[in-house]
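The values are calculated or read from the model by the stated rules, or taken from the named source; none is laboratory data. It should be emphasised that the depicted structure is a prediction, and the values quoted were computed from it without experimental measurement. No Cβ is skipped: glycine too gets one built from the backbone with ideal geometry, and neighbour counts run over all protein chains shown. Accessible surface areas use protein heavy atoms only, side chains included; no ligands, DNA or RNA. Shrake-Rupley method; radii C 1.70, N 1.55, O 1.52, S 1.80 Å.
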Amino acid sequence: MDLSRRRFLQAAVLTAATAGLTAACGGSEPGGSKDSKTLKLWYWAGGMSDKVVADAKKQFSDTTLKTSVIGGDFKTKLLTGLKTAQTAPDITGIKGEDIASFLPNANRFLDLNELGMDKLAPEYLSWKLKQATTQDGKLIGFPIDIGPCAVYYREDLFAKAGLPTDPAKVSSELSTWDAFFEAGVELHKAVPKSFLVNNIGAVFSMAVGQGTKRFIDEDNTFIGDQDHIRAAWTTAVKPYTLGIDAKINDNTWNAAIGNGTVATGLGAAWYALDIQNAAPGTKGKWRVASLPSGPSNLGGSFLCLPSTCANPEKAFEIVSWMLNAENQARGFTDAALFPTTPAAYELPALTGGDAFFGGQKTIEIFGPAAEKIPAAYEAPADAAVSAAYFNELTAIEAKGKDPEDAWKDAVSQAKQIAKRQGVK
């Protein structure tokens, strides 16, 4: 599944789920007592390194750490669990695309700064911590991972088109979106079956993430019709108008990535695993270069402590151990979870060459990007509002809709969604 489609689905789910958040989460009463020697940890498959979690049980043998890998819609099940102290986990994961929707109900979680995160904060990426921080300074999430983005490209197809193939040269010579798109035109001329991007929604997602503003500002005012979003839209539409857009918005992406229909992928660090799973036969043909026009982030989750946590101090001790630099490096090896602490970027788990990418040390691309990602305010309704833009970009590709009409409709629909979400 491609990146823009992931984002669209996340937004669609959030539109339905956010409305019920206050009722499901804000109204719970602690009620009852809990065993302070037993702590329940909830996360989803792939959300944590299972090996690190297993070792945490040994490391903290004075506590019984009961772990549950929750399948299905994690957020919905968490909201249900948070209704009472007895059903609530003591430690829980929250996905990056959902964290903003929990901030209005931050009182249902402990402030990690009061447990010692204020002292550890300098070791972690400040922009990621900001995502889980309320406007009055309460931190509810300890960052598990992030999704610094890059260009994944087929080195062999670039060579056929006479384009630069070395990651450093690709990064420097295709350092702007226009230069990147021009290379896509040359690529398509030389290899007609190959297109530069899988869909324009992926470009839009990257371009929005490169800025310091999104669709709603800190005063809860809709700004999705302003110049920064219009510029991202204009950038996204260019591959379509240039004829270098594969227009893939369904599960045919797997085949396209394997047969060369798609020559590049715009994605986060975890996207590497998607490519490897989709096209194992292309091992050694891929490389990674910097994202044109600056870094962007997609994804990355948190561990949070509900206010009903049986033993906050011990829970925080366990969380901070599981997410220290050494264990985050293990998380990268075990589950492709890119670390949120720069100290991990210098550890062997990340500094070695990757055979799938021709032996390239991809940390040389992702590390600097991770540290330079711009901090942007993400409102609780941001993902829901953004769905309108992705829908209209898909309409351009699938129906040939005029991009200007699509823009107007996207803004109109986004305003309606924002109004329903209580945005000014």
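Assuming a ≥ b ≥ c are the square roots of the Cα gyration tensor eigenvalues, decide whether the stretch 168-281 counts as rounded (a/c under 1.5), prolate (otherwise, with a/b larger than b/c) or oblate.
Numbers: a/c = 1.99, a/b = 1.59, b/c = 1.25.
Prolate.
Mind ranking 184-197, 203-216 by how tightly packed they are, going by the mean number of other C-beta atoms within 10 angstrom, highest first?
203-216, 184-197
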Practice item. Give me the net charge of Ala376's neighbourhood, meaning all other residues with Cβ under 11 Å from the Cβ of Ala376; Lys, Arg count +1, Asp, Glu -1. Key: -1
Practice item. Please give the contour-minus-distance gain from Ala398 to Asp55: 0.36 nm per residue of separation, less the Cα-Cα distance, rounded to one decimal in nm. Key: 118.6 nm
Revision key, fill the gap. For the stretch 35-131, shape from the Cα gyration tensor axes a ≥ b ≥ c, cut at a/c of 1.5 then a/b versus b/c, turns out rounded
**Study point:** Amide H partners (placed H, <5 Å) of Thr176, local residues excluded
**Key:** Ser293
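Can you give the net charge of the other residues whose Cβ lies under 13 Å from the Cβ of Arg287, counting K and R as +1 and D and E as -1? Numbers along the way, then the final one.
Details: positive: Arg154, Lys169, Lys283, Lys285, Lys361; negative: Glu155, Asp156, Asp166, Asp354, Glu364.
Result for the neighbourhood of Arg287: 0.
Could you please state how large a percent of the accessible area of the chain is carbon and sulfur, counting protein chains only and using a 1.4 Å probe?
Working: 8360 of 16630 Å².
Of all accessible area on the chain, carbon and sulfur atoms account for 50 percent.
Between Thr176 and Gln226, how high is the FRET efficiency from 1/(1 + (r/R0)^6) when r is the Cβ-Cβ distance and R₀ = 22 Å? Nearest 0.05. Mind showing how you got there, number by number?
Details: r = 22 Å, r/R0 = 0.99.
So, using R0 = 22 Å, E works out to roughly 0.50.
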Study note, to complete from the structure: A student applying the Cα gyration tensor rule (rounded when a/c is under 1.5; otherwise prolate if a/b is larger than b/c, oblate if not) would label the chain oblate
Check your understanding: Pairing the Cα long axis of helix 3-18 with the longest principal axis of the chain, what angle in degrees results, from 0 to 90 and rounded to the nearest 10?
Key -> 40 degrees
Practice item. With label points built 7 Å along Cα→Cβ from the Cα atoms of Lys285 and Glu186, find their separation and express it in nm. Key: 2.1 nm
**Study point:** Centroid-to-centroid separation of the stretch 187-235 and the stretch 350-389 [C-alpha atoms, Å]
**Key:** 15 Å
Revision key, fill the gap. Highest mean packing first, using Cβ neighbours within 10 angstrom, the peptides 349-356, 91-98, 384-391 sort as 384-391, 91-98, 349-356
Revision key, fill the gap. Per the helix-only model, the chain has a calculated mean residue ellipticity at 222 nm (DSSP H runs of ≥4, -39500 (n - 2.57) each, divided over all residues, rounded to the nearest 500) of -13000 deg cm²/dmol
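Divide the volume of the convex hull of the Cα atoms of the stretch 293-340 by its number of residues and quote the answer in cubic angstrom per residue. Before the final figure, lay out the partial values.
On the way: hull volume 5.2 nm³, N = 48.
Roughly 109 Å³ of hull volume per residue.
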Point to revise | 18 Å cut-off, amide nitrogen to a point 7 angstrom out along Thr252 Cα→Cβ, residues in the stretch 191-208 | key: 192-202
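Could you give the accessible area per residue of the chain, probe 1.4 Å, as a whole number in Å²?
I get 39 Å² per residue for this part.
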Point to revise | Backbone N under 15 Å from the Lys372 label point (7 Å along Cα→Cβ), restricted to the stretch 144-185 | key: 148-151, 168-177
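What is the calculated FRET efficiency for Thr351 to Gln86, with r their C-beta to C-beta distance and R₀ = 45 Å, to the nearest 0.05? If you can, show how the numbers build up before the last one.
Numbers: r = 45 Å, r/R0 = 1.01.
It comes to 0.50.
Over 21 Å between Cα atoms, which of Lys399/Lys424; Lys189/Lys247; Lys37/Lys75; Lys130/Lys408 qualify?
Numbers: Lys399/Lys424 32 Å; Lys189/Lys247 17 Å; Lys37/Lys75 26 Å; Lys130/Lys408 32 Å.
As for pairs spanning more than 21 Å Cα to Cα, those are Lys399/Lys424; Lys37/Lys75; Lys130/Lys408.
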